[in-house]
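Down below is the structure, laid out as structure tokens.
The values are calculated or read from the model by the stated rules, or taken from the named source; none is laboratory data. It should be emphasised that the depicted structure is a prediction, and the values quoted were computed from it without experimental measurement. Cβ placement follows ideal geometry from the backbone for every residue including glycine, while neighbour counts extend to all protein chains displayed.
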Amino acid sequence: MQKNTREIAIVAGTVVLGTLAIRYFSRNHQPLETVPFVDLSRYAGKWYEIAAFPLIFERGCHCTTAEYTLEPAGYVKVVNSCNRKSPQGKKTVAVGKAFPVAGSNNTKLKVQFQWPFTGDYWIIALDEDYSYAVVGTPDRQNLWILSRSPFMAPTLYQNLVKLTQQKGFDTDHLHLTNQSCFGN
């Protein structure tokens with residue numbers, strides 16, 4: 001009986017801590033709005049990372065790109081690549097899949113690089129000609145500013161930074177991506 005009481009206490013404690021963590025990380029944030037619709041066939045192709053919140057597995061990366069390909073099976077193939085800062089200039093490639101979330105008009109995707117783990121990929125800004133996109137996560141812990149070209153006009157970049165601030169992202173964590181290997 002004592003063992004069951006301890007297990008119930010652990011489960012209850014976990015639930016309480018989880019609820020508190022969700023409230024803590026989601027406080028002061030309205031639900032994250034996405035764009036109304038994304039045409040995945042237009043979204044497919046190569047994107048250059050202009051700026052992002054640095055992720056641990058991207059340390060030392062520069063010349064970062066993402067390439068999206070629509071697959072007949074109904075998902076999007078994702079190929080992220082970057083060059084590492086090293087004498088060899090080693091290229092790192094990560095291949096994954098993105099699955100549109102039902103009912104989201106393709107504005108929310110679940111991205112998977114290692115089964116069974118998935119992450120949110122919400123398109124929160126998209127130019128009408130699909131020349132730039134801003135992608136984030138609803139907890140505001142991840143953010144990417146993407147462009148079809150390796151460089152973005154400073155005015156446009158600053159406008160997108162302001163937009164992400166208005167959506168509750170802490171842009172002090174935003175780092176410009178070095179895309180110098182693509183020229184000017």
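Assorted remarks:
- Taking the criterion of being small (Gly, Ala, Ser), out of contact with any strand residue (DSSP E or B) (no Cβ under 7 Å at 6 or more places or on another chain) and under 21 Å from Lys108 (Cα atoms), the only residue of the range 132-184 that qualifies is Gly168.
- The set of residues in the range 38-62 that are among the acidic types (Asp, Glu), modelled with pLDDT of 90 or more and under 15 Å from the mean Cα position of the chain (by Cα) contains only Glu49.
- Condition met for Thr65 (within 25 Å of Gly103 (Cα to Cα), touching a Lys or Arg at 6+ places or on another chain (Cβ under 7 Å) and at pLDDT 95 or above): no
- Residues in the range 115-136 that are surrounded by fewer than 18 Cβ atoms within 10 Å (Cβ to Cβ) and either touching a residue at least 12 places away in the same chain (Cβ under 8 Å) or touching a Lys or Arg at 6+ places or on another chain (Cβ under 8 Å) (or both): Thr118, Gly119, Asp120, Tyr130, Ser131.
- Every residue from the range 69-82 that is assigned to a strand (DSSP E or B) and surrounded by fewer than 19 Cβ atoms within 10 Å (Cβ to Cβ): Thr69, Leu70, Lys77, Val79, Ser81
- Matching residues in the range 83-96 - criterion: being exposed (fewer than 12 other Cβ atoms within 10 Å of the Cβ) and touching a helix residue (DSSP H, G or I) at 6+ places or on another chain (Cβ under 9 Å): Gly89
- Test: residue in the range 43-58 that is surrounded by fewer than 19 Cβ atoms within 10 Å (Cβ to Cβ), touching a helix residue (DSSP H, G or I) at 6+ places or on another chain (Cβ under 8 Å) and either assigned to a strand (DSSP E or B) or not hydrophobic (A, V, I, L, M, F, W, C) (or both): yes
- Scanning the range 99-114 for residues that are within 23 Å of Phe57 (Cβ to Cβ) and surrounded by 13 or more Cβ atoms within 10 Å (Cβ to Cβ) yields Phe99, Lys108, Leu109, Lys110, Val111, Gln112, Phe113.
- Taking first residues from the range 149-172 that are surrounded by 15 or more Cβ atoms within 10 Å (Cβ to Cβ) and part of a loop (DSSP other than H, G, I, E, B) and partners that are modelled with pLDDT of 95 or more and hydroxyl-bearing (Ser, Thr, Tyr), the Cβ contacts under 6 Å between residues at least 6 apart in sequence or on separate chains come to Pro150/Tyr48.
- Test: residue in the range 18-37 that is modelled with pLDDT of 95 or more, surrounded by 11 or more Cβ atoms within 10 Å (Cβ to Cβ) and closer than 24 Å to Trp115 by Cβ: no
- Matching residues, the range 135-148, being more than 10 Å from Ile50 (Cα to Cα) and part of a strand (DSSP E or B): Val135, Gly136, Leu143
- Single residue of Asn178, Asn142 found to be surrounded by fewer than 20 Cβ atoms within 10 Å (Cβ to Cβ), of a type in the set (S, T, N, Q) and touching a Phe, Trp or Tyr at 6+ places or on another chain (Cβ under 8 Å): Asn142
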